[in-house]
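Just below is one structure, and these are the notes that go with it.
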Amino acid sequence: MSESRSVLIVSHDFAPVGTSVVQRVLHFARYLPEHGWHATILCAAPSPYKAWDFSLLNTAESLGIRIVRTGEFQAPEEKQIIPPQSSRSAFRRKVSDAVSVPEAAVRWSKEALQRGRELLRGERFDVIMATAPPFTDFLVARQLAEEFNLPHVVDYQDLWVDNPFHFHASPMHKARNIAHETAVLKTTERILVTSRHIKESLLRRHAFLGHNDIEIIPHGYDPADFAAWTGVKPDPARFTITHSGKFVEDRTPKYFLHAWADFLRADPARRDHCDARFIGALSKNERKLINKYKVSGNVTATGYVPHTEAIRQLMVSDVLWMMCRFNVRSSGKLFEYIGARKPLLVCAPEGNIRTSAKNSGAAVVTAPADVDAIKQALELFYNLWQNNKLPTPNEDFVERYDRKLLSSDLARVLGMAMRV
């Protein structure tokens, strides 16, 4: 590509906010220049209700990624990790969703439109792209695209209307969300989704869409994140199984902890060298479960850590575990696990997450609440560990989710949007 092109990416959340939504945008912005595109990120000043991780901001700044914020962001002198505040409860989110459609972030749209107009009046952009949640990003991108006669692309990291975790306070609230989504999808040039489940849900709801209108670009992993830890190995004297991230919505450590207790009880000698590690903040209720099952001596909780440290923790683990109770989304965590090239224990229903894990060639999958099956999986992995025979994912499968490769797919889609 002889001439560099520019994309304005609307993403309410961006570094130092430490979420999977941010990870996807950050790594796209990192690798798009290799494919002839440069990204400008239009985002909000980070909220104290979100998890802050300054290692992500340091990465963005070191790469020269252009960040345009609405409002002022004053970084603290010591760039510490700021965990999400517990006051942002599920009840509070429901109240907010009842007041604002599509969600509380819609209050940001006025500032975002103003700042976006300033950018678009002052320089040339070839495409506008929006990623969500929050879905306010889609509304902002659509409005800017209409005003400046530009193509726009939307990137679904989660479902909008049919998301079972999105609270619709009344039929009227749901109808307004449907109307917003319909308007966006009828005007966008390209639709990206992270999983087949999201694609199929959109096709069922919106009859005017065809299969070729929606392209799947899954979550992935960045090999650069792992480069510093290539020589790091697990402690050969301890069997360590690790979970990374918060337990939100349909996720809970309850069934795993029950199985972990049964696994330890089956051979008390295991308590001397087995560790279940939780990377990220645990709630009071989750800590109560650890005490309930009497496994506190064989559980390590790191608390919220920077992304770089979370990657190191994955690399010093023998097995990586995750769970979800409903097949409603694509998990960014799974693909980071795959990038670590570790055996996987995935407790999930039939669907895209379970299928991806199976295809790795190094996973044991169970139903999310099947304690006996989880215990059997722990026994299997433990025996393989003892015999130094733990599996590793198929390399061809792993490389499929390299964010460099996925960014080339995005560059192709952006180019197609220009030609429509």
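The values are calculated or read from the model by the stated rules, or taken from the named source; none is laboratory data. Just so you know, these numbers come straight off a predicted model, no measurement behind them. Reconstructed Cβ throughout: ideal geometry from the backbone, glycine too, with neighbour counts over all protein chains shown.
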(Q) Among the listed residues Val193, Val154, identify the single one that is at pLDDT 95 or above and either within 19 Å of Ser109 (Cα to Cα) or not assigned by TED's automatic domain parsing to the domain that holds Glu118 (or both). (A) Val154
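Scan region 18-69 for residues that are in a loop (DSSP other than H, G, I, E, B) and out of contact with any Gly (no Cβ under 6 Å at 6 or more places or on another chain) and jot them down. Outline the logic, then answer.
Of the residues in region 18-69, the ones in a loop (DSSP other than H, G, I, E, B) are 18-19, 36, 45-51, 53, 63-65.
Scanning region 18-69 gives Gly18, Thr19, Gly36, Pro46, Ser47, Pro48, Tyr49, Lys50, Leu63, Gly64, Ile65.
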Q: Go through the residues of region 195-218 one by one and say whether even a single one is assigned to a helix (DSSP H, G or I), under 19 Å from the mean Cα position of the chain (by Cα), without any contact (Cβ under 8 Å) to a residue 24 or more places away in the chain and over 30 Å from Phe263 (Cα atoms).
A: yes
(Q) Being touching a residue at least 40 places away in the same chain (Cβ under 8 Å), of a type in the set (A, V, I, L, M, F, W, C), surrounded by 15 or more Cβ atoms within 10 Å (Cβ to Cβ) and not in a helix (DSSP H, G or I) is the requirement here; does Leu414 meet it? (A) no
Q | Extreme residue, nearest to Val365 (Cα to Cα), among residues of region 296-321 that are out of contact with any helix residue (DSSP H, G or I) (no Cβ under 8 Å at 6 or more places or on another chain) and β-branched (Val, Ile, Thr) | A | Val316
(Q) Given (1) farther than 30 Å from Arg196 by Cβ; (2) surrounded by 18 or more Cβ atoms within 10 Å (Cβ to Cβ), identify the lone condition not met by Ala269. (A) (2)
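Residue by residue, here is whether (1) of a type outside the set (Lys, Arg); (2) within 20 Å of the chain's Cα centre (by Cα); (3) crowded, with 21+ Cβ neighbours inside 10 Å; (4) outside any helix (DSSP H, G or I) holds:
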{"residue": "Asn327", "(1), (2), (3), (4)": "yes, yes, no, yes"}
{"residue": "Leu334", "(1), (2), (3), (4)": "yes, yes, yes, no"}
{"residue": "Lys342", "(1), (2), (3), (4)": "no, yes, yes, yes"}
{"residue": "Leu345", "(1), (2), (3), (4)": "yes, yes, yes, yes"}
{"residue": "Gly361", "(1), (2), (3), (4)": "yes, no, no, yes"}
{"residue": "Leu384", "(1), (2), (3), (4)": "yes, no, no, no"}
{"residue": "Asn388", "(1), (2), (3), (4)": "yes, no, no, yes"}
**Q.** Counted residues, region 221-277 - those being within 21 Å of the chain's Cα centre (by Cα) and in a loop (DSSP other than H, G, I, E, B)
**A.** 10
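Return yes or no: is Phe226 buried (at least 21 other Cβ atoms within 10 Å of the Cβ), among the aromatic types (Phe, Trp, Tyr) and either more than 28 Å from Thr59 (Cα to Cα) or touching a residue at least 40 places away in the same chain (Cβ under 8 Å) (or both)?
Working: buried (at least 21 other Cβ atoms within 10 Å of the Cβ): no; among the aromatic types (Phe, Trp, Tyr): yes; either more than 28 Å from Thr59 (Cα to Cα) or touching a residue at least 40 places away in the same chain (Cβ under 8 Å) (or both): yes.
The answer is no for Phe226.
Mind listing whichever residues of region 111-151 are in a loop (DSSP other than H, G, I, E, B) and more than 23 Å from Asn163 (Cβ to Cβ)?
Once the filter is applied, which keeps residues that are in a loop (DSSP other than H, G, I, E, B) and more than 23 Å from Asn163 (Cβ to Cβ), region 111-151 yields Glu123, Arg124, Phe125, Asp126, Asn149, Leu150, Pro151.
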